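Beneath this line is the structure, given in structure tokens, with notes to follow.
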Number of protein chains: 2
Amino acid sequence: MSKHFGQAVEDRRSIYAIGKKSPITDQEIQNIVEHSVKYVPSAFNSQSARAVILLGKEHDKLWENTRESLRKVVPEANFAATDEKIQSFQNGYGTILFYEDQAVVEYLQENYALYADNFPIWSLQSSGMLQFTVWAALEAEGLGVNLQHYTPLIEDQVRAELKLPDKWKLLAQMPFGLPLASPEEKNFAPIEDRVRVFS
Amino acid sequence: MSKHFGQAVEDRRSIYAIGKKSPITDQEIQNIVEHSVKYVPSAFNSQSARAVILLGKEHDKLWENTRESLRKVVPEANFAATDEKIQSFQNGYGTILFYEDQAVVEYLQENYALYADNFPIWSLQSSGMLQFTVWAALEAEGLGVNLQHYTPLIEDQVRAELKLPDKWKLLAQMPFGLPLASPEEKNFAPIEDRVRVFS
């Protein structure tokens with residue numbers, strides 16, 4: 001990877017204008033996802049995270065299906081804006097789907113009853129860690145990335161088409177591709193309202 | 001920061017043997033936490049994350065209070081092991097407390113009703129991103145770090161003692177200090193069971 005940790009954290013931004021090219025190979029994309037899935041922590045090292053990488057026509061199909069699902073629920077007068085947004089994701093090179101395997105979460109709940117209420121919460125936090133890691137790592141390699149949540153709208157259809165296990169729960173979709181524009185300006189709240197030090 | 005992104009991801013491990021020293025200054029610790037809080041993303045850029053850094057006697061007091069809270073709920077015959085564990089955290093140099101401000105989450109729920117069910121879920125994922133970022137950044141600077149969840153056991157007492165806002169919800173405690181031992185061996189599930197590629 002080509003960036004120092006803090007710089008990669010700072011440079012990880014939402015890039016919505018992405019193109020159907022990648023500065024790195026498909027194998028390198030897969031390596032980044034696999035490295036992140038392997039090393040990001042999980043409660044009791046339960047390794048509940050699952051990831052699906054969609055490239056080429058599979059990436060296109062995801063967003064075509066999402067568009068058709070939205071067409072059924074978005075009022076027709078608003079659909080042009082929705083269509084444009086979905087097209088911006090489809091314009092990208094690929095999409096990563098982030099799942100948490102509920103079979104793992106339920107196993108933990110059954111076997112460590114004291115923490116039963118916590119395992120779903122920790123599973124979400126662990127997935128966030130993974131999403132962030134993949135995002136920053138792809139960005140560090142020159143890709144533009146954003147994060148979407150068309151869930152549960154598309155979950156059943158994606159599971160059926162890709163023949164994914166029933167217990168995999170879809171949390172987020174991450175389109176990526178060649179960045180075609182700079183990130184938008186970002187506003188930051190005063191840090192002293194957010195971090196306190198006691199010593 | 002001194003490490004490349006992927007290496008920092010890989011080197012972030014749970015270190016349970018930590019000492020009451022730090023290879024970096026208190027100001028550098030604060031800078032890392034503030035940098036992470038500033039740049040880690042949140043839903044709608046809501047910036048719901050809050051962090052508290054405890055150093056010196058405030059760090060000691062956290063773990064002394066946690067020990068006394070546990071003494072009331074752990075059977076006496078098991079308390080020696082609990083006491084030893086708490087002491088291992090107290091042996092560290094400091095602790096970071098991770099919060100999510102529920103006032104922000106509730107504001108989003110009220111103003112974007114369509115996503116009301118999702119904001120608490122996204123808040124947890126965002127907090128996971130932040131916890132991971134601080135963890136890896138501290139590790140990259142030579143600190144040993146682990147992550148604990150004595151929540152809600154200690155939440156009310158900590159809020160009262162530090163006079164924190166009622167709506168700040170405590171999610172995790174991160175003790176850190178000079179690493180005194182290598183991380184334990186970690187087992188990894190086969191990556192092909194966790195990542196699938198479709199192209």
Fill in: Of all residues making up the stretch B:136-149, the number that are within 10 Å of the chain's Cα centre (by Cα), within 11 Å of chain A (Cβ to nearest Cβ) and open to solvent by 10 Å² or more (accessible area, probe 1.4 Å)
2
Worksheet entry | Any chance B:GLU106 is more than 12 Å from chain A (Cβ to nearest Cβ) and in a helix (DSSP H, G or I) | yes
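For (1) open to solvent by less than 50 Å² (accessible area, probe 1.4 Å); (2) in contact with a helix residue (DSSP H, G or I) (Cβ under 8 Å, 6 or more places away or on another chain), each residue gets a yes or a no:
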{"position": "A:GLY19", "(1), (2)": "yes, no"}
{"position": "A:GLU68", "(1), (2)": "no, no"}
{"position": "A:GLU100", "(1), (2)": "yes, yes"}
{"position": "A:TYR107", "(1), (2)": "no, no"}
Worksheet item: Hey, B:PHE79 hits all of (1) closer than 20 Å to B:LEU171 by Cβ; (2) open to solvent by less than 30 Å² (accessible area, probe 1.4 Å); (3) more than 20 Å from the chain's Cα centre (by Cα) but one; which does it fall short on?
Response: (1)
Response to the item:
Scanning the stretch B:167-199 for residues that are more than 19 Å from the chain's Cα centre (by Cα) and of a type in the set (D, E, K, R), the one least open to solvent (accessible area, probe 1.4 Å) turns out to be B:ARG194
Worksheet entry | Considering residues of the stretch B:166-199 that are out of contact with any strand residue (DSSP E or B) (no Cβ under 7 Å at 6 or more places or on another chain) and within 8 Å of another protein chain (Cβ to nearest Cβ) only, the residue farthest from A:SER42 (Cα to Cα) | B:ILE191
Worksheet entry | Qualifying residue in the stretch B:118-130 (condition: closer than 29 Å to B:THR25 by Cβ and either open to solvent by 40 Å² or more (accessible area, probe 1.4 Å) or part of a loop (DSSP other than H, G, I, E, B) (or both)) | no
Item to complete: Look at B:ILE53 and say whether it is in contact (Cβ under 8 Å) with a residue 24 or more places away in the chain, part of a strand (DSSP E or B) and closer than 26 Å to B:LEU164 by Cβ.
Response: yes
Worksheet entry | Subset of the stretch A:152-165 that is surrounded by 14 or more Cβ atoms within 10 Å (Cβ to Cβ) and in a loop (DSSP other than H, G, I, E, B) - its residue that is farthest from the other protein chains (Cβ to nearest Cβ) | A:ILE154
Worksheet item: If you take the residues in the stretch A:36-52 that are open to solvent by 30 Å² or more (accessible area, probe 1.4 Å) and facing chain B (nearest Cβ under 7 Å), which one is nearest to B:ILE191 (Cα to Cα)?
Response: A:LYS38
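The values are calculated or read from the model by the stated rules, or taken from the named source; none is laboratory data. The shown structure was predicted, so the numbers you read here are calculated from the model rather than taken from an experiment. Don't worry about glycine lacking a Cβ; one is built from the backbone with ideal geometry, like all the others, and counts go over all protein chains shown. These area figures cover heavy atoms from the full protein model, side chains too; ligands, DNA and RNA do not enter into them. Shrake-Rupley method; radii C 1.70, N 1.55, O 1.52, S 1.80 Å.
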